[in-house]
Amino acid sequence: MEVYLPLLAQGLAIGVLTGILYVLVALGLTLIYGILHIVNFAHGEIYMLGAMAVLYLHVVAGLPLVPTLAVIVVLALLLGLAIERGIFRVLRGQWLQLVVASVGISLVIQSVGWIAFGIQEKSVPSYLPGIVDLFGIRLPRERLLAAGVAVVLVAALYWLVYRTRVGLAMRAIEEDEETARMLGVNANRVASLSVALGFVLAAVAGAFVAPVYSLNPGMGLEPILMSFLIIIVGGLGSITGTVLAGLLVGVIQSVGAILFGSEAAYGLVFVVMIAVLVARPAGLLGRV
Amino acid sequence: MSAVLEIRGITKQFGGLTALAGVDVTVGEGELVGLVGPNGAGKSTLFNIIAGAIPPTGGQVLLEGRNVTRLASHDRARHGIARTFQQVTLFGELTARDNVLQGLHRHVPSRVLAGLVGTPGYRAEQRELETRAERLLDLLGIGTHRDEVVSEQPLGIQKLVTVAVALATEPTVLLLDEPGAGLSHEESTRMMDLVSTVIRRRCTIVLVEHNMRIVSRYCDRAVVLHFGQKIYDGEPGGLTADQRVVDAYLGVAELA
Amino acid sequence: MKTAALVLLLLALVALPPLAEPYMLHVAIVVLMNAVYAEALYVIMRMGYLSFGHAGYIAVGAYTSALLATKLGMSVWLGFLAGGTAAALLAWLLGMVTLKLRGIYFSLSVFAFAEVVNAVFRAFDFFGGPAGIAGVPRPMFFGVRLNTHLGFYYVVLGAAVISLGFLYRLAATRFGFTLLALRTRDTEGLAESVGIDAARYKTLAFVVSCFFCGLMGAIHGHYLRFVSPFVFTFFFSTDLVIFNMAGGLGSFWGPLAGSVLLTALGEQLFAAGYYKSLVYAVVLLVVILALPGGLIQLPRLREAWAARRLRWAKQPVATTER
């Protein structure tokens, strides 16, 4: 037990750092769900593309880090707009088709990724090497940077949604679309914006995770599974719920891996998901 | 006249909100009762409780003397309570005939094995069910629409299909939730004529209606709800004279 | 006319195979298995439930039969039935809980279930861990072990014909008709109001669906002669959904067409697995965007387009779960 405690503390700390990144991805999902009411299965692939973009632009092509990130943000925005306009808008009203279409998009991106990427494992060197020692808990600087960026983005999202006119429009559409439309809110623009923003959040999360985990085109699966769990537990459509649940899930997974091994922890996460779905189908803080 | 539907002391609380506060209503066989009240008075809630869609917080619902309060809604339907919904609810992608057919299923056992094989007996049964469905649609004057997909039909036709579906179960008590809502004056007159002639011959009817004129003209009795309480139960003609009813509606022109 | 065509097809399926080479038989076997899986999934898709976890039930069937054969030396034929029964039982237990959920919640819960199943198989040595169970035997037929492709082909054909026949008739019966009434939460309420016990129907449909998945899954395992957690994955479940959607959900023939066409196509692209996924996904997207009603509606494309144009007007941005 003496040995366990520092290990658990370490797990907890890493869990929080991991959780924050999950939150970023999950927030993108929740944003899209909140406005459009569709679960974007392709979200994990956007995260993957963000990481891959860092590999190809920064490592292979030699573009400095900050411009690379800028390009990633722009590309994610454009991709989001394109997909919303070209696919989501066309299928509006057909729930089943939308869900399956997003799965299809996910498969297309992933398959192309595998074909282009090949089998070899590739990696991205650290942005900020070194470890910070905090009361015996070792935190990689990298992870702290990623977490820091995530916190900034979450704060920016809160500011956008609750303090700007754009955010007001989004909340209006989410609350009562018909009335919002009658009051002049451009629903189409809000829809496009939500998807674009959601994609940006996922891509940035991917970009910052690139040096931490090994890269492969299938890397989007785990974050998106975790994101589903997070937004279900936290409640689809609730930003605060997503944040809390994200941290919780990160911690459960990290601590669970230490206690039971990573395979079991993975399975445990799903058992938790089923349990929450059954006990509280609307999630802990859900509204829809 | 025997009581076919009895509602005794029904209360319903939603969290801190009291939707119904001890409502007692007795409906006799063959009556056509109008349930009225301003918005939020609890009319649809009462319907939902009678039909078994939501449970009451307290009180009982008796159908032909039998206590059905604990029964699930599909069981109640099998015992003879049928209803329509405030928002038109239909099996959208199916034809009018298929919609009514869904309502007829309670009259025949499922007979899966015979169906799997496709015995002549089963097929004859199916044909008979289809004929019954068509006859019901004819009865309501929409027989020509039998092969049309209901989601593509205008509201007037859709509402008549919902009534046909409810009638398919051959109910003892039929609850009609605002049958005239959203219809033109002509369509709603047509609907009410059907209700008060053809349909009332087959079952006892309770309908929710906002339009006082319709209630006065067609109903045997009017029950008025206000903030979850019954404030009037009697002749429709006496509605405008009753002070409590007038106060509840407070200057609403429809009262005339 | 239709029956004549079917009889001819059946005769061909029975008489021609001895002339075919083993690879053709392999393709035929996979096509038949996928057809059953797709139609089994269709049972619950008809009532509005989208499952991304059917592979989990297939895996349960496969592992059950494999374990019984390798650890207990039980007859493979019984193993097939045991596989189906195990999957059906699990479906019944979980169905009581998960069928109350609708829309995306249901999809995620079944998906989570399938992941848990695979995680369990990977984690414990009893199930062979990540390597799975090897040496799963073929069934014995009058003293002869059916180790050849041809021999096993007839087993698969028999099972497929029975399963597909049952599932086709099921759709045609009152039971199948009633399932159409349960597509959304609203229509479920309506169904209840006319006396249909929705929970019972949904559970029964789910159990039937999973029984056939388990049955064919068991057969699948004995065909491959091994089972592992990497065979019946999320991507497998997704393939089944693609077969259904691409083929068209309007009738029994849709998923059948979808599974046959795409599986045959997929086997041609066998070379690189990811090309197959890409093609499937692209076909899926093309069908969803351009061919409402699925591939089976190809002959009536114009009408379908016109109907869709009518629906496009004034759709709200938020698409509520059906």
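The values are calculated or read from the model by the stated rules, or taken from the named source; none is laboratory data. Being a predicted model, the structure only gives us computed values, none of them experimental. Backbone-built Cβ (ideal geometry, glycine too); neighbour counts: all protein chains shown.
For region B:50-94, the candidate set comprises residues that are at positive phi and crowded, with 21+ Cβ neighbours inside 10 Å; within that set, the residue that is farthest from the other protein chains (Cβ to nearest Cβ) is B:Gly80.
Within the set B:Glu178, B:Glu209, B:Glu134, B:Glu186, the sole residue that is more than 14 Å from chain C (Cβ to nearest Cβ), touching a Pro at 6+ places or on another chain (Cβ under 8 Å) and among the acidic types (Asp, Glu) turns out to be B:Glu209. When region C:240-261 is filtered for residues that are free of Cβ contacts under 8 Å to residues at least 60 places away in the same chain and assigned to a helix (DSSP H, G or I), the ones remaining, listed by number, are C:Ile242, C:Met245, C:Ala246, C:Trp253, C:Ala257, C:Leu261. The strands (runs of 3 or more DSSP E) located wholly in region B:159-256 that include 3 or more residues which are modelled with pLDDT of 90 or more, under 21 Å from B:Ala77 (Cβ atoms) and not β-branched (Val, Ile, Thr) occupy B:173-177.
Taking (1) away from chain B (no Cβ under 14 Å); (2) at pLDDT 85 or above; (3) in contact with a Gly (Cβ under 9 Å, 6 or more places away or on another chain); (4) buried (at least 17 other Cβ atoms within 10 Å of the Cβ) in turn, C:Ala123 satisfies each apart from (2).
Go through B:Arg111, B:Arg123, B:Arg97 for me and flag whichever is at the interface with chain C (Cβ under 8 Å from one of its Cβ atoms) and not small (Gly, Ala, Ser). Can you show your working first?
Working: B:Arg123 fails: at the interface with chain C (Cβ under 8 Å from one of its Cβ atoms); B:Arg97 fails: at the interface with chain C (Cβ under 8 Å from one of its Cβ atoms).
The conditions single out B:Arg111.
Within region C:287-294, does at least one residue satisfy the condition of being small (Gly, Ala, Ser), in a helix (DSSP H, G or I) and within 14 Å of chain A (Cβ to nearest Cβ)? Looking through region C:287-294, at least one residue is small (Gly, Ala, Ser), in a helix (DSSP H, G or I) and within 14 Å of chain A (Cβ to nearest Cβ). Have a look at A:Val66, A:Val54 and point out the one that is surrounded by fewer than 17 Cβ atoms within 10 Å (Cβ to Cβ) and either over 21 Å from A:Phe117 (Cα atoms) or away from chain C (no Cβ under 14 Å) (or both). From the options A:Val66, A:Val54, the qualifying one is A:Val66.
Selection of region C:191-227 for residues being crowded, with 24+ Cβ neighbours inside 10 Å, of a type outside the set (A, V, I, L, M, F, W, C) and closer than 13 Å to C:Ala62 by Cβ yields C:Gly214, C:Gly217, C:His220, C:Gly221, C:His222.
Checking every residue in region C:164-180 against the condition of being touching a residue at least 12 places away in the same chain (Cβ under 8 Å) and outside any helix (DSSP H, G or I) gives zero matches. In region C:230-280, the qualifying residues are those that are farther than 17 Å from C:Val36 by Cα and surrounded by 23 or more Cβ atoms within 10 Å (Cβ to Cβ), and the one that is modelled with the highest pLDDT is C:Tyr280.
Here's the yes/no breakdown for (1) more than 14 Å from chain A (Cβ to nearest Cβ); (2) in a loop (DSSP other than H, G, I, E, B):
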{"site": "C:Val208", "(1), (2)": "yes, no"}
{"site": "C:Phe230", "(1), (2)": "no, yes"}
{"site": "C:Phe235", "(1), (2)": "no, no"}
{"site": "C:Leu265", "(1), (2)": "yes, no"}
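Just one of the listed residues (A:Tyr158, A:Tyr162) is without any contact (Cβ under 8 Å) to a residue 60 or more places away in the chain and surrounded by 11 or more Cβ atoms within 10 Å (Cβ to Cβ), namely A:Tyr162.
I'd like the residue in region A:103-143 that is of a type in the set (D, E, K, R) and not in a helix (DSSP H, G or I) and, out of all such residues, is modelled with the highest pLDDT. Among those that are of a type in the set (D, E, K, R) and not in a helix (DSSP H, G or I), it is A:Arg138.
Every residue, every condition in (1) more than 21 Å from A:Ser214 (Cβ to Cβ); (2) of a type outside the set (Ser, Thr, Tyr); (3) part of a helix (DSSP H, G or I); (4) within 14 Å of chain C (Cβ to nearest Cβ), yes or no:
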| site | (1), (2), (3), (4) |
| --- | --- |
| A:Tyr22 | no, no, yes, no |
| A:Ala26 | yes, yes, yes, yes |
| A:Asn40 | yes, yes, no, yes |
| A:Leu49 | no, yes, yes, no |
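The set of residues in region A:150-188 being closer than 20 Å to A:Glu84 by Cβ and within 22 Å of the chain's Cα centre (by Cα) consists of A:Leu157, A:Leu160, A:Val161, A:Val166, A:Gly167, A:Met170, A:Arg171, A:Glu174.
Pull up region C:91-101, narrow it to residues that are buried (at least 18 other Cβ atoms within 10 Å of the Cβ) and touching a residue at least 60 places away in the same chain (Cβ under 8 Å), then point me to the one that is farthest from the other protein chains (Cβ to nearest Cβ). So the residue we want is C:Ala91.
Among the residues of region B:33-40, is there at least one that is within 10 Å of chain C (Cβ to nearest Cβ) and either of a type outside the set (Ser, Thr, Tyr) or out of contact with any strand residue (DSSP E or B) (no Cβ under 8 Å at 6 or more places or on another chain) (or both)? Can you show your working first?
Let us first name the residues in region B:33-40 that are within 10 Å of chain C (Cβ to nearest Cβ), namely none.
No: zero hits.
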